[in-house]
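The values are calculated or read from the model by the stated rules, or taken from the named source; none is laboratory data. Everything numeric here is computed off the predicted structure, so don't read it as measured data. So basically every Cβ, Gly included, is an ideal-geometry build from the backbone, and we count neighbours across all protein chains shown. With ligands, DNA and RNA removed, areas are computed over all heavy atoms of the protein, side chains included. Shrake-Rupley method; radii C 1.70, N 1.55, O 1.52, S 1.80 Å.
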Amino acid sequence: MNRYFYYSFLYVLLINIMMFVPNIIIQNRYSGGISSLLLAIPFGTMLALLFSSSISRFPGKAVPEILFDHYPRWLVVPFMWMLAALYFLGSTIVLVAFSVVINRFYNPDTSSNVVLYLLIATCIYCSTRTTLSLVFALEVLIIINAPLVMFVLGKGIFTSDLDWDAMHTVANYFRMPPNLVSFAAATYIFSGYLNMSILNRALPPNFRLKHRWIIPLVGTLAMFTSIFIPIGFHGTEAVDEYLFIWSITADSMKMEYGFIERVLFLYLILYLNLTLLFTTFGWHKAMEFLKSTSKSHKPHLDPEKIPKINWIICGAFGLIAIIYSGVVNEKQNFSIATVWLIIRLFAEILSVIWICWLAYRLKSKSKFKVKGQSESK
Amino acid sequence: MRHLIFTVLFVFIASLVLGGCGFKDIDKRFFVVATGIDHSDNPNKPFRVTLRLAVTSPKIEPGAGKSQLETIDAKTIAEGVRELKAYVDKELDFGHCKIFMIGEKLARKEMDQAINWMTRRRDIQMIANVTIGHPTAEAILKIQPKNERYPGNTLFLSFGKEGTDSSYTVTEYIFGMRKRRTEKGIDPVLPIIMPENETYRISQAGVLNKKKLIIILSPEETQLYNQITNKYLKSSLGGNVEQDPYVLAVGRIQSRFKIKNNAQGKPVVEMRIKIHGLLEEAPKLVFDKDWASIEQELAKQYSKSVVRLLKKFQRQGVDPIGFGLKYRATHYSGGDKSWQEWQGIYPNIEFDVQTRVTIEGTGLIK
């Protein structure tokens with residue numbers, strides 16, 4: 001069951017490119033971006049480990065159930081709303097950003113709205129599915145996309161076009177003090193563990209996270225490749241000029257002996273899959289959080305019939321996403337993503353501390369109970 | 001039953017999207033295979049845009065590649081391309097354009113606008129080659145080589161390693177050009193295409209500073225530049241030892257450099273080059289001679305010519321090898337200071353080039 005945790009960790013880590021994480025850190029490359037990266041590694045790992053070990057003390061329960069069990073509704077309901085809004089907005093940012101990328105690189109003649117509507121329709125359908133079937137879909141998609149990720153990464157690393165001096169130059173700036181924007185962006189790479197807050201329902205009661213070293217290792221690797229490969233390709237200055245930095249970097253790679261020469265198209269297919277996956281999960285989580293605020297709601301992992309409320313909520317999500325794409329342009333989407341990353345960081349810290357505190361209390365209580373029982377004997 | 005009706009309806013609705021993409025079929029497109037941008041001497045319309053359009057044909061055989069040329073003078077490149085659309089019956093598509101050629105005159109003046117246009121346009125590949133056309137890009141594009149299989153492929157097969165693998169040809173892509181144009185500490189180098197009896201000669205390179213073309217290297221200098229910036233380059237190394245001509249077919253060449261302070265405290269570029277190769281031309285019975293002395297003599301001459309080339313770059317204030325970037329990478333001193341230091345150091349820096357030539361054999365004869 002461990003692999004499901006790592007799958008959900010992986011897809012969030014890969015989507016960082018669509019969330020403008022490289023753009024933000026590259027913008028701050030001379031002013032604290034690099035030190036923020038270094039700081040984010042222990043911090044992100046710590047949050048991930050704390051959260052996953054605390055939530056495994058509540059077998060089969062998702063965050064809403066845990067909180068509703070222990071706290072009054074007036075306290076938990078707004079928190080659920082906030083999390084739902086956060087997840088929904090995050091996925092929508094990525095979806096809108098990707099529809100623009102498709103419009104720019106795949107088919108400039110198509111309106112990006114048509115692409116967006118098709119993506120939204122797919123996401124509405126997928127996110128209304130049950131949690132369990134989504135978990136299985138996650139596994140399938142990760143396995144399909146892993147070779148593509150490996151290929152693009154390998155192509156990026158093992159090419160003579162990579163300028164190590166440029167990377168070295170930027171890496172020198174790790175001496176600058178970190179800043180909040182880059183730090184929030186960098187910690188995002190580790191935030192896949194938060195999927196546990198809903199997926200925990202699907203995990204078995206005796207779940208224990210194994211191979212924890214994967215989190216810092218893979219996170220660090222992903223972080224450095226997603227920031228330093230573009231710098232290696234485009235140098236220390238030009239790298240800041242590009243809007244779709246990774247699409248351009250993928251376009252700078254060449255497969256001389258492939259069916260198609262441009263790596264860009266492989267990359268776009270890969271990120272189409274990942275974006276759909278990410279948005280599906282984001283909306284599904286948001287939907288589950290919203291549903292949990294209803295009094296009569298009973299969480300069900302794999303209901304036989306999809307409840308109507310799923311369609312209503314996700315349909316509404318789709319509508320809001322359409323309105324969002326109409327109101328917000330490319331530039332605003334980027335600044336919203338920046339703000340979103342910062343708010344997300346604090347929401348993440350809050351939920352981790354909260355769940356940790358509950359787990360700690362549960363542990364000390366049960367210890368007390370055991371002690372009390374043994375004494376009464 | 002109701003389920004089925006809904007499914008069928010859904011499929012119909014979904015298929016509506018298919019037709020409405022504004023997508024143009026492949027037979028309604030003109031594929032641009034090479035783009036030339038020249039200076040036109042007309043102050044109102046300074047850019048002359050030349051497009052080489054592929055005439056698609058089902059025949060694939062040498063000489064079957066036909067193309068059509070369109071030229072226009074315009075105020076800006078983008079306007080020129082848009083205006084050219086009125087000259088042709090199909091949609092222009094830059095997705096397969098692998099060659100962007102800048103006329104020498106424009107390159108000597110100012111090429112900012114051309115490079116910006118290339119990178120900003122979304123359908124242009126970042127892996128297209130950027131080149132300089134001598135005397136003009138238009139003159140080069142007018143040439144229709146006789147042995148071309150596909151329209152325009154003679155030009156781009158010359159670059160990279162798929163077609164010919166010439167040690168005299170420099171290859172630069174759009175992303176690399178953009179990188180070098182903005183990077184502090186490395187300057188662009190572009191191949192120069194010259195006309196030669198109905199075909200092309202690409203044996204020289206032009207070194208640019210951040211704005212314009214500064215020097216044109218001779219074929220020998222171009223090969224030297226290629227040798228010290230590439231790793232596995234099939235090339236040659238010539239020299240005379242005791243009046244006898246020697247030519248080494250280089251199989252592997254490796255160079256690395258450091259920027260150091262020498263014993264007097266003066267900054268020095270320390271370059272170490274290792275060359276392995278077979279003798280291709282040598283006097284009789286060279287097999288019995290002392291190879292070490294030949295190697296040393298060849299190495300000495302090679303080092304000297306490298307220093308001459310580097311000094312030439314230094315005199316013109318250009319840095320195509322990337323010494324400045326190396327200095328920035330290895331001498332961090334906060335903010336932008338190391339770059340400013342380097343600008344003071346570079347004009348007076350000394351070069352210490354040492355080569356080690358290894359002769360692996362004398363070919364098939366003694």
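Per-structure values
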read-out: Matching option when the condition is acidic (Asp, Glu) and either within 27 Å of the chain's Cα centre (by Cα) or closer than 26 Å to A:Asp163 by Cα (or both), among B:Glu297, B:Glu281, B:Glu242, B:Glu270; value: B:Glu270
read-out: Residue count for segment B:160-175, restricted to those that are within 13 Å of chain A (Cβ to nearest Cβ) and free of Cβ contacts under 8 Å to residues at least 40 places away in the same chain; value: 4
read-out: Set B:Val269, B:Val286, B:Val307: member being surrounded by 21 or more Cβ atoms within 10 Å (Cβ to Cβ) and either assigned by TED's automatic domain parsing to the domain that holds B:Ile228 or of a type in the set (S, T, N, Q) (or both); value: B:Val269
read-out: Condition met for B:Glu162 (crowded, with 19+ Cβ neighbours inside 10 Å and of a type in the set (Asp, Glu)); value: no
read-out: A:Gly90 away from every other protein chain (no Cβ under 14 Å) and part of a loop (DSSP other than H, G, I, E, B); value: no
read-out: Candidate set from segment A:231-253 (those that are under 19 Å from A:Ser35 (Cβ atoms) and open to solvent by less than 20 Å² (accessible area, probe 1.4 Å)); member that is farthest from the other protein chains (Cβ to nearest Cβ); value: A:Ile231
read-out: Scan of segment A:157-216 for residues that are within 14 Å of another protein chain (Cβ to nearest Cβ) and free of Cβ contacts under 8 Å to residues at least 40 places away in the same chain, ordered by number; value: A:Phe158, A:Ser160, A:Asp165, A:His168, A:Asn172
read-out: Helices (runs of 4 or more DSSP H) fully within segment A:113-198 counting 2 or more residues that are more than 27 Å from A:Ser36 (Cβ to Cβ) and open to solvent by 60 Å² or more (accessible area, probe 1.4 Å); value: A:131-157
read-out: Residue count for segment B:37-53, restricted to those that are under 16 Å from B:Trp117 (Cβ atoms) and surrounded by fewer than 20 Cβ atoms within 10 Å (Cβ to Cβ); value: 2
read-out: The lone exception for A:Asp69 - which of (1) open to solvent by 50 Å² or more (accessible area, probe 1.4 Å); (2) of a type outside the set (Gly, Ala, Ser); (3) within 14 Å of chain B (Cβ to nearest Cβ); (4) within 29 Å of A:Met1 (Cα to Cα) it fails; value: (3)
read-out: Filter result for A:Ile312 (more than 30 Å from A:Gly44 (Cα to Cα), open to solvent by 60 Å² or more (accessible area, probe 1.4 Å) and within 22 Å of the chain's Cα centre (by Cα)); value: no
read-out: Test result for A:Glu256, open to solvent by 30 Å² or more (accessible area, probe 1.4 Å), in a helix (DSSP H, G or I) and within 9 Å of another protein chain (Cβ to nearest Cβ); value: no
read-out: All positions within segment B:140-157 that are in a helix (DSSP H, G or I) and either within 14 Å of another protein chain (Cβ to nearest Cβ) or buried (at least 18 other Cβ atoms within 10 Å of the Cβ) (or both); value: B:Ile140, B:Leu141, B:Asn153, B:Thr154, B:Leu155, B:Phe156, B:Leu157
read-out: Boolean, B:Ile132 is more than 14 Å from every other protein chain (Cβ to nearest Cβ) and surrounded by 22 or more Cβ atoms within 10 Å (Cβ to Cβ); value: yes
read-out: Residues within segment A:56-75 that are under 15 Å from A:His297 (Cβ atoms) and over 23 Å from the mean Cα position of the chain (by Cα), tallied; value: 3
read-out: Where B:Gly206 falls short, out of the listed (1) open to solvent by less than 10 Å² (accessible area, probe 1.4 Å); (2) within 14 Å of chain A (Cβ to nearest Cβ); (3) not in a helix (DSSP H, G or I); value: (2)
read-out: Residue check for B:Ala107: under 18 Å from the mean Cα position of the chain (by Cα), open to solvent by less than 10 Å² (accessible area, probe 1.4 Å) and either within 14 Å of chain A (Cβ to nearest Cβ) or closer than 25 Å to A:Arg262 by Cβ (or both); value: no
read-out: Residue, farthest from the chain's Cα centre (by Cα), within segment B:322-339, restricted to residues that are within 22 Å of A:His234 (Cα to Cα) and either hydroxyl-bearing (Ser, Thr, Tyr) or away from chain A (no Cβ under 14 Å) (or both); value: B:Tyr332
read-out: Hey, A:Ser226 touching a residue at least 40 places away in the same chain (Cβ under 8 Å), out of contact with any Ser or Thr (no Cβ under 7 Å at 6 or more places or on another chain) and away from chain B (no Cβ under 14 Å) or not; value: yes
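Residues checked against (1) surrounded by fewer than 23 Cβ atoms within 10 Å (Cβ to Cβ); (2) more than 14 Å from every other protein chain (Cβ to nearest Cβ); (3) touching a Phe, Trp or Tyr at 6+ places or on another chain (Cβ under 7 Å):
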residue: A:Ile15; (1), (2), (3): no, yes, yes
residue: A:Phe20; (1), (2), (3): no, yes, yes
residue: A:Ile25; (1), (2), (3): no, yes, no
residue: A:Gly32; (1), (2), (3): yes, no, no
residue: A:Leu38; (1), (2), (3): yes, yes, yes
residue: A:Phe43; (1), (2), (3): yes, yes, no
residue: A:Met46; (1), (2), (3): yes, yes, no
residue: A:Arg57; (1), (2), (3): yes, yes, no
residue: A:Lys61; (1), (2), (3): yes, yes, no
